[in-house]
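The values are calculated or read from the model by the stated rules, or taken from the named source; none is laboratory data. The shown structure was predicted, so the numbers you read here are calculated from the model rather than taken from an experiment. Backbone-built Cβ (ideal geometry, glycine too); neighbour counts: all protein chains shown.
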Amino acid sequence: MINIWEVEETNRMVAEENLDIRTITIGISLLSCMDENVDTVCENIYKKITTVAKDLYKAGSEIEKEYGIPIVNKRISVTPIGIVGASSCKTKEDFVKIAKTLDRCAKELNVNFIGGFSALVQEGMTDSDKLLIESIPLAMKETEFVCSSVNLGSTKDGINMDAVKLMGEVIKETAFLTKDTDSLGCAKLVVFCNAPDNNPFMAGAFHGVSGAESIINVGISGPGVVNTALKSVRGADFETLCETIKKTALKITRAGQLVAKTASKKLNIPFGIVDLSLAPTPAVGDSVADILCEIGLEKAGAPGTTAALALLNDQVKKGGVMASSYVGGLSGAFIPVSEDRGMIDAAECGALTLEKLEAMTCVCSVGLDMIAIPGDTPASTISGIIADEAAIGMVNQKTTAVRLIPAYGKKVGDTVLFGGLLGYAPIMPVNKYSCEAFVNRTGRIPAPIHSFKN
Amino acid sequence: MEKVIITVVGKDTVGIIAKVCTYLSEKNINILDISQTIVQDYFNMMMVCDLSKSSEEFAGVQEALDNIGKDIGVEIKCQKAEIFEMMHRV
């Protein structure tokens, strides 16, 4: 029988250490909504999403009450709109129309983000993919809850450098069009290499084309819980350190597994995966950077950071994998800058640089995430950063992503403020030397060889 | 069996257990286990109960206990036991 100490431990994790389920995300296939007429497509999409996900908010709230564990976000991901809109969208405005429909669904269903305004272009862009990508800045301006992602590289296909170049320009334009809100549009736009199609986290969630009609994916959280557990083993050897992270990850993930199964039952939608990610928030004590400090660094970004993050990421996976019957998505430690108070501090005092963050992305689950850079950063430089990050993902057979905010009109020393889960960020300096001639070459970087590993 | 865990945390006072148990018995809720500690005048109690024969639904029990807690000045939580079983038992 469960004892009083175990009950107290769980409730303390929730009350004091920010344990929560970060998101329940319903993935919905929109392939059945396709038509030649864009208005019909919009109508089909609205009907399908508001039918399939109509009880999402209610079910999430019920689960919160029953188990006493907060579920911070209820979200929806859909089939990449670049595919759904292929036969109906003839102009950028047509794609924006679909984005607005998605936004309306999010409002109606009380979900805080809807992801899938996306294109998968790792091998090449169809006319419709290109049109969708070009419509992103306007779509981000005109909508509140829609998230957009573009997958432009993979280990099997190489990197589509035409898309890399285009995305540098799209990110800049998005920053300009949403300049009144500190270029907030860029916080809802991410580029990927090796994007997983069952990721429940935003901004990169979309419902894979090989997925079922609808699916429940759950993203867990819990940096605060890991941090508190590590405080009790301060100064201990690496074996003890790793065992502690593993055991904590197991407990957190078990909560995620239960929530996923319960949500699946309540909504009568199959359970997809649990994403084992340590997802920070700007709240005090809910920081991945603080864990790195607890492991033994003065600040995130200090020498040793990459190694500490590598072990953290690996132990989270080792502990979590046994706790859930299906693991997927991004699974690992997230290192967004603006969403993590410890990261913000480290960036502000100069301990953490863009280059160090790039190194960190080689060993953790995502990439250069929520990093504000000067508004006058050239589009080609942004494309260069994207290409670097995509190369890391391509060669190392892992997911990498870039979510940069070239905040319009801001320079190093300024701050951008997004509020809520998206937090705030100091503008970080970017290498001033140009990569324009590199980015202007057209075509694709071929897929890497996977023998002769060095 | 519909197992729930009821926890009471707050400043110790007369009749906390009595009030909770009276309510549970009125609703035909069986108590399977009780444990209790007092640390620095703070009362900490946990009950394992079975709601399968209860005349009240889970949400109703949760609300009623919350109100009883507010009357006495302690915090009473009612959660389904599965969350603890999942987290602490493999």
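Here are the numbers for the structure shown:
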read-out: Candidates A:VAL337, A:VAL327, A:VAL316, A:VAL288, filtered to the one that is surrounded by fewer than 23 Cβ atoms within 10 Å (Cβ to Cβ), closer than 21 Å to A:SER221 by Cα, among the hydrophobic types (A, V, I, L, M, F, W, C) and touching a helix residue (DSSP H, G or I) at 6+ places or on another chain (Cβ under 9 Å); value: A:VAL327
read-out: Helices (runs of 4 or more DSSP H) enclosed by the stretch A:32-87 - at least 2 residues per element that are within 14 Å of chain B (Cβ to nearest Cβ); value: A:56-67
read-out: Residue in the stretch A:94-103 that is within 18 Å of A:PHE201 (Cα to Cα), surrounded by fewer than 21 Cβ atoms within 10 Å (Cβ to Cβ) and at pLDDT 95 or above present; value: yes
read-out: Hits in the stretch B:24-77 - residues which are within 12 Å of chain A (Cβ to nearest Cβ), surrounded by fewer than 12 Cβ atoms within 10 Å (Cβ to Cβ) and among the basic types (Lys, Arg); value: none
read-out: Selection from the stretch B:37-90 of residues that are in contact with an Asp or Glu (Cβ under 6 Å, 6 or more places away or on another chain), closer than 27 Å to A:SER324 by Cβ and without any contact (Cβ under 8 Å) to a residue 40 or more places away in the chain; value: B:HIS88
read-out: First in the stretch A:373-402 and within 12 Å of A:LYS165 (Cβ to Cβ), second anywhere and of a type in the set (Lys, Arg), Cβ under 7 Å, 6 or more apart; value: A:ALA379/A:LYS172; A:ILE382/A:LYS172; A:SER383/A:LYS165
read-out: Only listed residue being over 20 Å from A:PHE145 (Cβ atoms) and free of Cβ contacts under 8 Å to residues at least 40 places away in the same chain, chosen from A:ILE83, A:ILE69, A:ILE4; value: A:ILE4
read-out: Subset of the stretch A:394-419 that is of a type in the set (Gly, Ala, Ser) and under 14 Å from A:VAL430 (Cα atoms) - its residue that is surrounded by the fewest Cβ atoms within 10 Å (Cβ to Cβ); value: A:GLY413
read-out: Residue ID - farthest from A:ASN73 (Cα to Cα), chosen from residues in the stretch A:99-120 that are among the charged types (D, E, K, R) and in contact (Cβ under 8 Å) with a residue 40 or more places away in the chain; value: A:LYS100
read-out: Strands (runs of 3 or more DSSP E) within the stretch A:114-222 that include 2 or more residues among the hydrophobic types (A, V, I, L, M, F, W, C) and crowded, with 24+ Cβ neighbours inside 10 Å; value: A:146-154, A:189-193, A:214-220
read-out: Every residue from the stretch A:5-27 that is part of a strand (DSSP E or B) and of a type in the set (A, V, I, L, M); value: A:ILE21, A:ILE24, A:ILE26
read-out: Odd one out for A:LEU258 among (1) within 14 Å of another protein chain (Cβ to nearest Cβ); (2) closer than 30 Å to A:MET167 by Cβ; (3) not polar (S, T, N, Q); value: (2)
read-out: Given (1) within 13 Å of B:ILE17 (Cα to Cα); (2) surrounded by 21 or more Cβ atoms within 10 Å (Cβ to Cβ), index of the condition B:LYS80 fails; value: (1)
read-out: Selection from the stretch A:19-46 of residues that are in contact with a Cys (Cβ under 8 Å, 6 or more places away or on another chain) and not β-branched (Val, Ile, Thr); value: A:ASN44, A:TYR46
read-out: Wholly enclosed helices (runs of 4 or more DSSP H) of chain B bearing at least 1 residues touching a Lys or Arg at 6+ places or on another chain (Cβ under 7 Å) and of a type in the set (Val, Ile, Thr); value: B:58-72
read-out: Condition check for A:ALA379: closer than 29 Å to A:ASP314 by Cα and in contact with a strand residue (DSSP E or B) (Cβ under 9 Å, 6 or more places away or on another chain); value: no
read-out: Boolean, A:VAL111 is within 30 Å of B:GLU63 (Cα to Cα) and touching a Leu at 6+ places or on another chain (Cβ under 9 Å); value: yes
read-out: Contacts under 8 angstrom Cβ, first residue in the stretch B:2-19 being under 13 Å from B:ILE68 (Cβ atoms), partner assigned to a loop (DSSP other than H, G, I, E, B), 6 or more apart; value: B:GLY10/B:GLY73; B:THR13/B:GLY73
read-out: Qualifying residue in the stretch A:231-238 (condition: within 14 Å of chain B (Cβ to nearest Cβ) and either within 23 Å of the chain's Cα centre (by Cα) or in a helix (DSSP H, G or I) (or both)); value: no
read-out: Long-range neighbours under 6 Å by Cβ, at least six apart or interchain, first residue within 28 Å of A:LEU120 (Cα to Cα) within the stretch A:206-226, second acidic (Asp, Glu) and part of a strand (DSSP E or B); value: A:GLY219/A:ASP275
read-out: Extreme residue, farthest from the other protein chains (Cβ to nearest Cβ), among residues of the stretch A:11-31 that are in contact (Cβ under 8 Å) with a residue 60 or more places away in the chain, of a type in the set (S, T, N, Q) and under 22 Å from A:THR248 (Cβ atoms); value: A:THR23
read-out: Search result, residues across the stretch A:27-49 that are under 24 Å from the mean Cα position of the chain (by Cα) and either buried (at least 19 other Cβ atoms within 10 Å of the Cβ) or of a type in the set (Val, Ile, Thr) (or both); value: A:GLY27, A:ILE28, A:SER29, A:LEU30, A:ILE45, A:ILE49
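Yes/no matrix, rows are residues, columns are (1) in contact with a Cys (Cβ under 7 Å, 6 or more places away or on another chain); (2) assigned by TED's automatic domain parsing to the domain that holds A:TYR67; (3) at pLDDT 95 or above:
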residue: A:THR253; (1), (2), (3): no, no, no
residue: A:VAL274; (1), (2), (3): no, no, no
residue: A:VAL284; (1), (2), (3): no, no, no
residue: A:GLU294; (1), (2), (3): no, no, yes
residue: A:LEU311; (1), (2), (3): yes, no, yes
residue: A:VAL321; (1), (2), (3): no, no, no
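Matching residues to (1) surrounded by fewer than 24 Cβ atoms within 10 Å (Cβ to Cβ); (2) within 18 Å of A:MET202 (Cα to Cα); (3) not hydroxyl-bearing (Ser, Thr, Tyr):
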{"residue": "A:VAL7", "(1), (2), (3)": "no, no, yes"}
{"residue": "A:ASP20", "(1), (2), (3)": "no, yes, yes"}
{"residue": "A:SER61", "(1), (2), (3)": "yes, no, no"}
{"residue": "A:THR91", "(1), (2), (3)": "yes, no, no"}
